[in-house]
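Beneath this line is the structure, given in structure tokens, with notes to follow.
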Amino acid sequence: MTVPHPYQAISNGELVETTAVEQGSGQDQGQRKIFHWVQAQVHPTYLMTLAVGDFDEIRDEWDGIPVTYHVQKGRKADGQRTMGKTPQMLGFFSDRFGYRYPFPKYAQVAITDFTFGGMENTSCTLLTDRCLLDERAVIDNRTSESLVAHELAHQWFGDLLVISHWSHAWVKEGMATYSEVLWTEHEYGAEAAAYYRLGEMRRYLSEDKGRYRRPMVTHVYREPIELYDSHIYEKGACVYHMIHAELGDPLFWQAMRAFVNTFAHKTVETLDLIRTIETTTGRNLRFLFDQYVFRGGHPDFKVAYRWDPDSKLAQVTVTQTQAKAGDRSSKSGLFDLKIPIGFGYVQGEAVTITPLTIRIHDYEQTLYFPLAQKPDFVSFDVGNAFTKTVKLEYPLPELKAQLQHDPDPIARIYAAEAIAAKGSLAAVKILAAALQTEAFWGVRVELAEQLANLKLDQAVESLLGGLQDPHAKVRCAVVAALGGIKTPASYQALAQMLAKGDPSYAVEAAAARSLGKVGAARLPALPEAEVTLAQLETVLKERAGWNEVVRSGALGGISQFQTSAAALEIVLRYTEPAIPNLLRLGAVRALGAISRGQDKTDVTRILDRLEAISREPQFRTQVTVISALGTMTDPGAVRILQGIAEHIDDGRVRRRAEEALQRVRAAIGKDAAVQTLQQEVDTLKQSNQDLVSRLAALEAQNHRSAVTDSAAPI
């Protein structure tokens with residue numbers, strides 16, 4: 001590749017020669033460089049790449065292999081912050097996968113306007129420059145580190161082992177995503193890894209519930225890119241973890257190393273993984289693949305518990321609520337799994353759990369466990385390895401004990417959710433106390449969210465103490481929670497937090513959004529809307545920073561003033577082309593939110609602006625417009641979404657437009673139904689008022705008659 005000086009050309013494989021030459025004549029004359037790259041190992045065409053630019057280069061190495069990071073001029077420090085752990089990761093994954101990093105070099109190139117987060121091109125990964133972290137962003141942002149780990153893990157799963165067909169993409173994407181969990185555990189500990197994995201499972205569950213359900217391996221799609229969703233990334237990671245838990249650590253890694261070594265520089269599919277597990281461990285895990293990979297869905301468990309003191313029996317009733325009670329004979333929708341149920345006992349500082357593995361296979365099963373004494377708490381699915389939802393219906397004392405003492409952070413989170421579901425003041429006290437004493441930051445994040453879910457004013461005082469939490473993610477969760485409980489105290493705390501600032505960009509952004517939510521509620525004791533809008537507009541003017549996180553948060557807060565013409569003007573102003581792109585996209589998202597309370601004329605202005613922006617070619621811009629339109633309830637949004645779905649070639653954009661179209665139509669229908677119902681209610685109210693008036697008139701007439709009769713002479 002010949003490029004003008006001072007550009008560099010970075011590609012797959014090994015750089016064997018760089019030659020400077022003079023080319024052209026007249027105005028075209030100038031120094032050129034010829035970069036000669038050779039990729040010696042076989043690899044698929046979709047992993048070929050060429051990156052050209054005037055980069056700052058950071059040089060590193062691992063075990064004699066060159067490791068380089070290429071970033072925009074002036075961003076060397078950001079590049080080192082973001083990618084500096086790559087050599088340690090190379091050693092970690094080489095050890096875990098039992099196969100030394102297989103290529104002659106590893107380069108990472110941060111580029112502008114990249115559609116994806118990253119792309120694992122063989123030995124030359126491309127990353128979006130949005131992942132580059134400044135000094136403040138690194139405080140609470142591990143997403144970039146996880147992205148680096150994900151793309152590096154692909155050098156084995158995806159580049160060394162290549163899928164034979166797109167329908168088996170989960171084999172590589174699931175392991176790359178699970179590698180984020182593995183690296184998190186290595187670097188930050190088991191609790192952090194468990195919480196990270198819970199987040200991955202929730203993203204899959206959200207897609208399954210909110211968008212669609214499908215088998216992980218399927219040949220039903222219009223374009224291969226449609227398969228690249230949370231079913232193959234996040235659910236794929238969960239499947240690898242279930243395999244890991246089922247086999248145990250030694251056998252799991254024995255199987256994975258055999259898989260990598262057997263199929264290095266070859267193509268693989270799901271059946272190859274199944275057979276490798278069988279041949280290396282002697283274990284048949286087809287039941288897991290049949291239920292989680294080759295069919296869609298997961299079990300939704302409801303677990304009830306009670307203790308019988310007379311017989312000393314623990315009664316646990318497990319219901320699979322995703323199935324229908326009448327389908328027991330056909331087993332339709334049921335899962336057949338062996339799940340460990342543990343009984344926990346607390347003695348001072350010591351906690352012991354006695355797990356018993358039970359086969360759960362029916363719609364509802366009531367299990368009886370003879371125990372020497374009443375357990376302090378019950379842990380369903382000890383270790384929480386299975387992908388599932390679970391609703392615990394335990395007495396409050398057992399839930400409190402589990403929240404305080406279960407060693408598994410996911411179990412403590414499930415207990416917190418069940419306590420919040422009680423909806424009582426006692427629940428507030430338990431969650432508030434735990435927010436102060438819980439050691440792991442991830443559980444404290446969840447406690448703050450559950451306190452907000454209680455929707456009780458008493459929770460505000462408990463949350464206020466969390467504003468001083470040493471962990472930025474906890475402070476972020478607390479300010480987000482305060483936005484859900486609209487009181488003068490929450491407003492004052494948020495206003496002070498935003499004015500004072502926080503070391504974390506994410507905390508400031510959450511404070512801005514929450515301040516808008518509370519301020520827009522217009523409670524009697526709160527300042528006028530203009531005061532809140534002025535504070536948020538000051539943030540817009542003064543706090544430009546990393547990826548426009550804080551200013552986008554301020555636009556999110558402004559969008560809560562859905563009946564304010566002044567708020568709409570601010571948002572529209574920031575959708576102009578001259579605005580920095582990431583901030584502009586924040587304003588586009590805000591247009592959808594603010595549209596819900598505007599009058600017809602202003603909704604038309606919003607639709608016109610979104611339609612104009614939808615014609616811009618950038619993927620992220622089109623997807624953001626679709627997201628904004630998908631929150632609206634105006635027929636004009638249907639027209640624009642139809643146009644996008646019919647005329648945009650990108651299958652990902654088209655699919656999102658089609659899904660948003662369905663949401664808008666459903667919302668319009670719901671609004672129409674609500675409007676019709678409201679009209680019927682108004683008619684009934686009017687009829688009732690007429691009847692009451694007539695009854696009052698009759699009563700008055702009867703009263704006059706009675707008075708007249710009583711005054712007549714006898």
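Among the residues of the range 337-351, which ones are under 33 Å from the mean Cα position of the chain (by Cα) and either surrounded by 14 or more Cβ atoms within 10 Å (Cβ to Cβ) or of a type in the set (S, T, N, Q) (or both)? Please lay out each step first, then the result.
Within the range 337-351, the first condition is being under 33 Å from the mean Cα position of the chain (by Cα), and the residues that meet it are 337-344, 351.
Scanning the range 337-351 gives L337, I339, P340, I341, G342, F343, G344, V351.
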| task | Could you grab me the full set of residues in the range 150-163 that are at negative phi and not in a strand (DSSP E or B)? | result | H150, E151, L152, A153, H154, Q155, W156, D159, L160
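So, in the range 505-540, of the ones that are of a type in the set (S, T, Y) and crowded, with 22+ Cβ neighbours inside 10 Å, which residue ends up nearest to A489 (Cα to Cα)?
The residue in question is S514.
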| field | Hits in the range 513-534 - residues which are assigned to a loop (DSSP other than H, G, I, E, B) and farther than 12 Å from F561 by Cα | value | L523, P524, A525, L526, P527
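Just checking, which of A439, A401, A495 is free of Cβ contacts under 8 Å to residues at least 24 places away in the same chain, over 27 Å from E207 (Cβ atoms) and in contact with a helix residue (DSSP H, G or I) (Cβ under 9 Å, 6 or more places away or on another chain)?
Details: A401 fails: free of Cβ contacts under 8 Å to residues at least 24 places away in the same chain; A495 fails: free of Cβ contacts under 8 Å to residues at least 24 places away in the same chain.
Going through A439, A401, A495 in turn, just one is free of Cβ contacts under 8 Å to residues at least 24 places away in the same chain, over 27 Å from E207 (Cβ atoms) and in contact with a helix residue (DSSP H, G or I) (Cβ under 9 Å, 6 or more places away or on another chain): A439.
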| field | Out of L147, L133, L90, L127, sole residue that is touching a strand residue (DSSP E or B) at 6+ places or on another chain (Cβ under 8 Å), under 23 Å from W546 (Cβ atoms), not acidic (D, E) and not in a strand (DSSP E or B) | value | L147
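Which of the residues belonging to the range 72-84 are closer than 19 Å to E145 by Cα and either of a type in the set (S, T, Y) or surrounded by fewer than 17 Cβ atoms within 10 Å (Cβ to Cβ) (or both)? Lay out the reasoning, then the answer.
Step one: list which residues in the range 72-84 are closer than 19 Å to E145 by Cα, which gives 72, 75-84.
K76, A77, Q80, T82, G84, listed by residue number.
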| The one condition in (1) over 26 Å from P503 (Cβ atoms); (2) surrounded by fewer than 24 Cβ atoms within 10 Å (Cβ to Cβ) that W546 fails to fulfil | (1)
| field | helices (runs of 4 or more DSSP H) lying entirely in the range 366-485 (those with 3 or more residues that are within 16 Å of Y195 (Cβ to Cβ)) | value | 409-422, 441-453, 472-482
| said: If I go through the range 354-389 residue by residue, how many of them are modelled with pLDDT under 95 and either crowded, with 21+ Cβ neighbours inside 10 Å or within 28 Å of A237 (Cβ to Cβ) (or both)? | reply: 1
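Quick grid of which residues meet (1) in contact with a strand residue (DSSP E or B) (Cβ under 6 Å, 6 or more places away or on another chain); (2) under 18 Å from I243 (Cβ atoms); (3) without any contact (Cβ under 8 Å) to a residue 40 or more places away in the chain; (4) part of a strand (DSSP E or B):
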{"residue": "L271", "(1), (2), (3), (4)": "no, yes, yes, no"}
{"residue": "R283", "(1), (2), (3), (4)": "no, yes, yes, no"}
{"residue": "Q291", "(1), (2), (3), (4)": "no, yes, no, no"}
{"residue": "T317", "(1), (2), (3), (4)": "yes, no, no, yes"}
{"residue": "S332", "(1), (2), (3), (4)": "no, no, yes, no"}
{"residue": "F335", "(1), (2), (3), (4)": "no, yes, no, no"}
{"residue": "K338", "(1), (2), (3), (4)": "yes, yes, yes, yes"}
{"residue": "V346", "(1), (2), (3), (4)": "no, no, no, yes"}
| For the subset of the range 222-248 comprising residues that are outside any helix (DSSP H, G or I), touching a residue at least 40 places away in the same chain (Cβ under 8 Å) and out of contact with any Ser or Thr (no Cβ under 7 Å at 6 or more places or on another chain), which member is surrounded by the fewest Cβ atoms within 10 Å (Cβ to Cβ)? | R222
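Okay, residues lined up against (1) under 20 Å from G344 (Cβ atoms); (2) touching a residue at least 40 places away in the same chain (Cβ under 8 Å):
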| residue | (1), (2) |
| --- | --- |
| P409 | yes, yes |
| R412 | yes, no |
| A416 | yes, no |
| G423 | no, no |
| N453 | no, no |
| task | Give the number of residues within the range 575-618 that are farther than 26 Å from N547 by Cβ, in contact with a helix residue (DSSP H, G or I) (Cβ under 8 Å, 6 or more places away or on another chain) and part of a helix (DSSP H, G or I). | result | 6
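Suppose the filter is closer than 26 Å to G236 by Cα and in contact with a Ser or Thr (Cβ under 9 Å, 6 or more places away or on another chain); does K429 pass it? Walk me through it before giving the result.
Working: closer than 26 Å to G236 by Cα: no; in contact with a Ser or Thr (Cβ under 9 Å, 6 or more places away or on another chain): yes.
In short, no.
Which count do you get for residues in the range 60-87 that are part of a helix (DSSP H, G or I) and not small (G, A, S)? Give the steps one after another, and end with the answer.
Restricting attention to the range 60-87, the residues satisfying the condition of being part of a helix (DSSP H, G or I) are 76-83, 86-87.
Narrowing further to those that are not small (G, A, S): 76, 78, 80-83, 86-87.
Counting residues in the range 60-87 that are part of a helix (DSSP H, G or I) and not small (G, A, S) gives 8.
The values are calculated or read from the model by the stated rules, or taken from the named source; none is laboratory data. Since this is a predicted model, take the numbers as computed values, not measurements. No Cβ is skipped: glycine too gets one built from the backbone with ideal geometry, and neighbour counts run over all protein chains shown.
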